[in-house]
Amino acid sequence: MRFLGVVLALGLLVGGLRAQPFDYPSARPSTSWANTDASLTHHVTYSDGSVARAALLRLNPAGFGPSFAFGFFCTNHRAAPCTDFLLGVAVVYCNSGALMTSVVTGIPQVVWSANRRNPVGEGATVQFTAGGDLVLKAANGKVVWSASTAGRSVAGMSINSDGNLVLFDGSKRQVWQSFDHPTDTLLVGQSLKQGARLAANSSAVNWNESRLYLTVADDSLSAYVSAKPPQRYYQLGFSKTTGAYATYNNGSLTVFARPGSPLTTIQLPTVGAKTVQYMRLEYDGHLRLYEWQPAGWAPVFEVLRLFPDDCAYPTVCGAYGVCTEMQCSCPDATNFRPVDFRRPNRGCVPAAAPIPCGAPRRTHRLVSLQGIAYFNDYATSMKTLQRVSEDACKKACLDDCACMAAQFVYGANARDGFCLLQSEVFSLETSLPEVVHYNSTMHLKVQAKGATF
């Protein structure tokens with residue numbers, strides 16, 4: 001089997017060694033697949049150590065090129081061997097014999113997964129049960145995930161040409177589809193409905209959900225970093241509409257009130273007939289459009305455009321880090337220190353111990369930073385005070401144990417401004433008054449000198 005895996009990886013179509021001459025996009029109950037090379041003979045180990053084991057494959061209509069596979073995928077490894085697998089849908093590059101190839105540039109791109117929080121290892125199984133459920137079990141038999149479709153007259157499953165994994169009944173009606181359960185990625189034709197969200201990975205090698213997510217509300221398509229309350233770093237607004245949803249079409253990301261009634265649109269590059277695009281919310285907060293090109297996968301478009309620049313991303317310089325022309329630093333050397341001196345983008349921490357909420361007011365003080373701004377807006381700040389002085393803004397933060405920072409925003413009169421209180425501090429940014437047309441000072445709560453708890 002080791003020799004066979006090498007042959008498949010190289011794409012050599014040699015008579016009897018061609019394990020899967022055509023695609024195999026569907027299955028019927030009762031079928032099961034184990035996460036082993038022996039069970040899934042259509043498997044490839046790629047040049048970076050990633051592993052793809054296909055249970056179902058929908059070949060590109062052209063007969064070769066980027067195609068969709070359902071199976072077990074390991075792509076987040078730090079070192080060989082690859083041990084943590086997702087059960088999911090991935091884009092894999094295939095040749096005309098329906099063999100996964102391009103082991104250097106065609107690394108599988110996982111676009112949906114069932115067990116993002118609970119990767120499985122060798123010997124895990126996925127069962128398409130006689131009762132019509134799709135169930136993932138670890139090697140020890142523990143149920144990791146289920147589609148919860150037992151008893152719903154499921155007659156078959158299929159990986160469609162758009163990458164949607166579908167369970168259907170005897171009349172071919174959809175009972176369950178992966179498009180209704182997005183993880184961090186949208187495919188062309190997929191919608192993001194109210195109540196659903198795209199949640200970014202924690203890092204390039206950690207599939208766990210981070211605190212960054214994209215969602216559709218009644219009045220906006222918005223991106224947030226999770227906090228109490230959530231802090232918004234991007235908003236595309238529209239007229240308030242109950243049930244609004246966003247659809248990724250070829251050439252656009254459009255928010256609809258109902259089918260055929262668009263509310264707002266982001267124009268995107270179109271995708272050709274012989275390639276594939278996908279849109280991914282990534283661990284840095286960017287929503288990027290990727291496309292398969294002759295040299296491999298490439299980012300081709302930034303979907304979210306932040307104002308005034310990319311320093312407005314909430315984690316660009318880590319907690320308390322100040323972003324200036326995409327360079328990171330700490331607010332000052334007296335009250336803050338870097339998390340990692342060699343990696344300024346990892347953020348900063350207060351030099352003194354954290355302040356427990358409820359501590360006496362005299363144990364707190366504010367570090368004031370003129371010309372520093374914050375990404376969160378008035379609508380999603382913990383509290384917003386209007387037409388106040390800077391002193392009143394500072395007092396409001398000191399008096400509120402949940403307040404960790406206060407942004408004071410003003411025009412020509414520093415005694416008449418807006419005060420935005422924040423419950424948590426993510427990345428800060430150098431203010432650009434000539435661009436944003438306002439002045440900004442950040443007041444960061446730290447431990448008072450000589451204070452004890």
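Read-outs throughout are calculated quantities, based only on the coordinates presented, and are distinct from any laboratory measurement. From a predicted model like this one, the values you see are computed outputs, not experimental measurements. No Cβ is skipped: glycine too gets one built from the backbone with ideal geometry, and neighbour counts run over all protein chains shown.
Lysine pairs in the chain with alpha-carbon atoms under 23 Å apart, 8 or more places apart or on different chains: how many are there?
Eligible lysine pairs with Cα atoms under 23 Å apart amount to 13.
Taking only DSSP H segments of four or more residues, each worth -39500 (n - 2.57), what value at 222 nm results for the chain once the sum is divided by all its residues, to the nearest 500 deg cm²/dmol?
Here the helix-only value at 222 nm equals -1500 deg cm²/dmol.
Could I have the simple spin-label model distance between His437 and Val104, label points 7 Å from Cα toward Cβ, reported in nm to one decimal?
Each label point lies 7 Å from its Cα, and together they span 5.3 nm.
Given a cut-off of under 8 Å on Cα pairs at least six residues apart, what relative contact order in percent is computed for the chain?
After rounding, I find 9 percent.
Can you list the HN-Hα couplings for region 403-416, worked out from phi with the Karplus curve (6.51, -1.76, 1.60; θ = phi - 60°), rounded to whole Hz and with x for Gly and Pro?
My calculation for region 403-416 gives 7, 10, 6, 10, 9, 10, 10, 8, x, 6, 10, 6, 9, 9 Hz in order.
Give me log10 I(q)/I(0) at q = 0.12, 0.15 Å⁻¹ for region 331-453, Debye formula, one equal scatterer per alpha-carbon, no solvent.
Summing over Cα pairs of region 331-453 leads to -0.44, -0.68.
Ratio to report: Rg/Rh of region 259-405, with Cα atoms as the point set and Rh obtained by the Kirkwood method; give two decimals.
Across region 259-405, the Cα-based Rg/Rh ratio is 1.09.
Average projected area of the Cα convex hull of region 302-385, in nm²?
7.5
Can you give the charge dipole size of the chain about its Cα centre, rounded to the nearest 20 debye, using +1 on the beta carbon of Lys and Arg and -1 on the beta carbon of Asp and Glu?
Rounded to the nearest 20 debye, it is 840 debye.
In what sequence do Ile159, Ile107, Ile266 fall when counting other Cβ within 10 Å, fewest first?
Ile266, Ile107, Ile159
If you rank Lys240, Lys395 by fewest surrounding Cβ atoms within 10 Å, what's the result?
Placing the least packed residue first, the sequence is Lys240, Lys395.
Can you put Val349, Val44 in order, fewest other beta carbons within 10 Å first?
Val349, Val44
Over the residues of region 150-249, compute the C-alpha Rg and express it relative to 2.2 N^0.38 Å.
Region 150-249 yields a ratio of 1.27.
Roughly how tilted is helix 390-399, in degrees to the nearest 10 and between 0 and 90, from the longest Cα axis of the chain?
Long axis of 390-399 versus the principal axis of the chain: about 70 degrees.
Could you tell me the extents of region 203-336's C-alpha atoms along the three principal axes, largest first, rounded to whole Å?
57, 43, 29
Find, among the chymotrypsin sites (Phe, Trp or Tyr not before Pro) in region 317-410, those assigned to loop by DSSP (not H, G, I, E, B) with at most 16 other beta-carbon atoms within 10 angstrom.
Of the chymotrypsin sites (Phe, Trp or Tyr not before Pro), the ones in loops of region 317-410 whose Cβ has at most 16 other Cβ atoms within 10 Å are Phe341.
In Å, the Kirkwood hydrodynamic radius of the chain over pairs of distinct alpha carbons?
24.4
What is the sum of charges around Asp219, taking Lys and Arg as +1, Asp and Glu as -1, for the other residues whose C-beta is under 13 Å from the C-beta of Asp219?
Once all neighbours under 13 Å are counted, the net charge is +1.
Computed on alpha carbon atoms, what radius of gyration and Dmax characterise region 228-287, expressed in Å?
Just the Cα atoms of region 228-287 yield Rg and Dmax of 13.9, 45 Å.
What does the charge dipole of region 334-453 about its Cα centre add up to, to the nearest 20 debye, if the Cβ of each Lys and Arg holds +1 and the Cβ of each Asp and Glu holds -1?
Dipole magnitude for region 334-453 comes out near 500 debye.
Could you state the number of Å between the C-alpha centres of region 357-421 and region 101-133?
Region 101-133 and region 357-421 have Cα centres spaced 47 Å from each other.
Residue-wise, which Karplus ³J(HN,Hα) couplings in Hz belong to region 47-58, taking 6.51 cos²θ - 1.76 cosθ + 1.60, θ = phi - 60°, and x for glycine or proline?
5, 8, x, 4, 10, 10, 10, 8, 9, 10, 9, 10
Looking at region 170-224, which trypsin sites (Lys or Arg not before Pro) are in a loop (DSSP not H, G, I, E or B) and have at most 10 other Cβ atoms within 10 Å?
Answer in residue order: Lys172, Arg173.
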